[in-house]
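Asker: Before we start, here is the structure in question, set down as structure tokens.
The values are calculated or read from the model by the stated rules, or taken from the named source; none is laboratory data. These numbers come from a predicted model, not from an experiment. Methodologically, a virtual Cβ is constructed for each residue, glycine included, from the backbone with ideal geometry; neighbour enumeration extends over all protein chains shown.
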Amino acid sequence: MPADLPTTLRHLAHHLHHLQTEIWENRYHAARTSQTGVRHTTTGPSSPTNDTQLTYLTETQTRLRELATNTSEDLHLLIPHNTQVGNYWAAWFYRHHTQLQDLTWYTDLTEELTDLEAELRHHIHPQDPNLHIEQRQSARSICARLANMGHRIQPATIRQWHKRGKITAVERADGTNGYLLSEVLEAI
């Protein structure tokens, strides 16, 4: 079991909580209706929340629920059928994280959960595409610099770390991804 799975699950629960708080508390506004239910300038009542964010949260919770359902069936674990809240699913995975390694598809599950956590993190805190462009280098260039420092890393490893959210990448002027040497060194 990777030591970082419990951390990934805690981050996942934190991100879901953040989205829920943002939707439930921060984004509410008065619906645009009159006493008759419709204002002249609108075609009907508006939603009291950000529908795009609500849809994203619902889809994310559905993904987690499907993963938990498949996991519970394979491991013969009890799972409530009427639970919809996403934080519950992150907590459920955390509660059973030691049993998850018995899955034949454990590696795929951890990658899926890691990718989902990275996606949520990026959704909540999007990266500025112009951030540190001049300091970013290609994966090959970073591997060459790392080789001079005594580290043997392949460019594919750096790209995989980016996919999993361990490091960030920005598209450079030549169309390739640029990475920060400092982030790669931290990932090592």
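Asker: Failed condition for Arg140, given (1) surrounded by fewer than 16 Cβ atoms within 10 Å (Cβ to Cβ); (2) closer than 16 Å to His11 by Cβ, with all others met?
Answerer: Tallying (1) surrounded by fewer than 16 Cβ atoms within 10 Å (Cβ to Cβ); (2) closer than 16 Å to His11 by Cβ, Arg140 fails exactly one: (2).
Asker: Which one of the conditions (1) over 13 Å from the mean Cα position of the chain (by Cα); (2) within 30 Å of Glu73 (Cα to Cα); (3) modelled with pLDDT of 85 or more; (4) not in a loop (DSSP other than H, G, I, E, B) does Val184 fail to meet, given that it meets all the rest?
Answerer: (2)
Asker: Look at the stretch 146-176 and say how many of its residues are surrounded by fewer than 17 Cβ atoms within 10 Å (Cβ to Cβ), modelled with pLDDT of 85 or more and in contact with a strand residue (DSSP E or B) (Cβ under 8 Å, 6 or more places away or on another chain).
Answerer: So the count comes out to 1.
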